[in-house]
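Every number in this text was worked out from the coordinates using simple rules, so none of it is lab data. All figures in this text were calculated on a predicted structure; none of them were measured in a lab. Note that each Cβ is placed from the backbone with ideal geometry, even for glycine, and that neighbours are counted across all protein chains shown.
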Amino acid sequence: MWLNDLQKVFNKYIRLRDKGKPCISCGCTLTGKYDAGHFMSVGAYPNIRFNEDNVHGQCVACNQHRHGNTTEYSLSLPMRIGIERYERLLQIRNEPLKLTTGEIKEKINYYKLKIKEQL
């Protein structure tokens, strides 16, 4: 339950953070509804599902209809976050992450504050 709440507030923050930027995969203008698309999927890499470098504004077509359009995503991501952060993301993708309920609640509050800053 708490993890779902965190995912919702995290995704909302990502969409606000990336408002006005192009889709991370195809470069189209993000207008109307768009997703917080994960570069490395939550299913394969649950430990980085809340890593801001792993999630970016992505059009619905790329995220949902092209299964994340990961080839184009992988080309754009180093340019968006820099090669050092990209390489770090690749390094930590298999490191385990266990969040307690308290840590999840802290992250929820953290992203709620970041959302307020964006508005």
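Tabulated data for the structure shown
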read-out	value
Straight-distance crosslink candidates among lysines, where the alpha carbon sits under 17 Å from Lys98 and sequence neighbours closer than 8 are dropped	Lys107
Thr101/Ser41 FRET efficiency (R0 25 Å; Cβ-Cβ; nearest 0.05)	0.55
The chain, relative contact order in percent, only Cα pairs under 8 angstrom and at least six apart counted	33
Solution diffusion estimate, µm²/s, Stokes-Einstein, the chain, Kirkwood Rh from C-alpha pairs, 20 °C, viscosity 1.002 mPa s	146
Cut-off of 10 Å, at most 14 other beta carbons, DSSP loop: longest stretch of the chain lacking such trypsin sites (Lys or Arg not before Pro)	34-97
Gained length - Trp2 relative to Ile83, 0.36 nm times residue gap less alpha-carbon distance	25.9 nm
Size of segment 10-80 as Cα extents on the principal axes (Å, biggest first)	29, 24, 24
Volume per residue that the Cα convex hull of segment 71-119 spans, once the total is divided by residue count, Å³	119
³J(HN,Hα) computed for each position of segment 47-56 - Karplus, 6.51 cos²θ - 1.76 cosθ + 1.60, integer Hz, glycine/proline x	5, 10, 5, 10, 8, 4, 6, 8, 10, 9
Under Karplus coefficients 6.51, -1.76 and 1.60, residue-wise ³J(HN,Hα) of segment 108-119 in Hz, glycine/proline x	4, 5, 4, 6, 5, 5, 5, 5, 4, 5, 7, 7
